Each structure stands twice: as C-alpha cells, then as structure tokens.
Amino acid sequence: MKINALVIIVLVLFTLSCNNNSEKSDDSLTNNNEKFDIENATKIVEQRSKEFEDALRIGDSIAVGDIYTLDTKIIGAYSDRENLIKEVHELVRDSITDIRFKIINIWGNENIIVEDAYVEFYHINGELVSKGNSLFVWKKEQDTWRIFRDVYKPEK
C-alpha cells in the first residue's frame, strides 16, 4: 500500500513538472517572437525590393545581383550570385525590365526574414510577362540584408 501511494505521488509530481516545463517553453517562444520587429523587417524588405526594381529598370544586373547573397539559390533554377547576374542580364536582353513586388506576409527573427510575396514581371512595352507567388528568405551578409533563397511559382 505504501509503495502504491509512493508511485502515485511520484507520477503526480512528474506530471506537474512536465506541465511547468511546457509552460516555460511556451513563454520563451513568446519572448523570442517579441524580439522580431515586423515593422522594421517590412521596411527592410520594402527598401531592398525597391532597390531591386530600380536596378532592373535601368538594366543593372550587377546591382540586382547585389540584392542576393553570394551563396544564394533560386530554387528550381540556379545557385550563386554570379549565375543570377547572368540570368538577370538575359532578362534585360529580352526586355524584361520591370518587376513589382507586393508583400503578403513577413515573419522571422533577428537573423532571418521570410517574405511571402506576389511578384509580376513586365516587358519593356508594359506587357505582363509572368506573375505568381514567391517566397524569399533574407539573411544578413556583410551587414546588409540580402536574399538567401528565392522560390517563384508562376500562375498558370
């Protein structure tokens, strides 16, 4: 009888201990999320996206490439900044000189910003060439926020 009572007490204490740990875990997640300044992240992404749009508009593939990290990956297409610069040069050559970004959602932390966006590509004559959803992962490289991963899914 004493052993059964002891087992029950240990189980109750263990259960209470687990509940306290999970509550602490939830609190620490909340504190981490409070550190993420969504307003500042939005300003960063808007500014860098405008730099991208402006650089593409004047055909500056090097400046567009500078928006991306050295080890960037365009998922389903190519890797590294040098290949991206070549691809942008081809876009400009084909008269795709306008891109427009619309932020749908942003989340992250002090090290990474994830942007869910809607993107439209335009020909120099104003014709819409492609549009669709993108997911960008931004990270700091050389104290500047740059796109680390880029996924684009065109609409049919």
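Each value in this text was obtained by applying a stated rule to the coordinates, not by laboratory testing. Bear in mind that the values here come from a model prediction, so they are computed numbers and not experimental data. Cβ sites come from the backbone with ideal geometry, for glycine too, and all protein chains shown count toward neighbours.
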Item to check | Approximate spin-label separation ASP116-SER130, in nm, with each point projected 7 Å along Cα-to-Cβ | outcome: 2.2
Item to check | Computed label-point distance, nm, for sites LYS140 and LEU70 using a 7 Å Cα→Cβ extension | outcome: 1.8
Checklist outcome for this item: So ILE103 and LYS153, fully extended at 0.36 nm per residue minus their Cα-Cα distance, gain in nm 16.5 nm
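Based on the Cβ-Cβ distance from ASP80 to GLU46, what FRET efficiency comes out when R0 is 22 Å, to the nearest 0.05? All intermediate terms of the calculation are to be shown ahead of the outcome.
Working: r = 26 Å, r/R0 = 1.17.
Efficiency computed from Cβ-Cβ geometry: 0.30.
Loop only per DSSP, at most 16 neighbouring Cβ atoms within 10 Å: give me the GluC sites (Glu not before Pro) in segment 75-139, ordered by residue number. It would help to have the intermediate numbers written out before the result.
Details: sites: GLU82, GLU87, GLU90, GLU110, GLU115, GLU120, GLU127; in loops: GLU110, GLU127.
Of the GluC sites (Glu not before Pro), the ones in loops of segment 75-139 whose Cβ has at most 16 other Cβ atoms within 10 Å are GLU110, GLU127.
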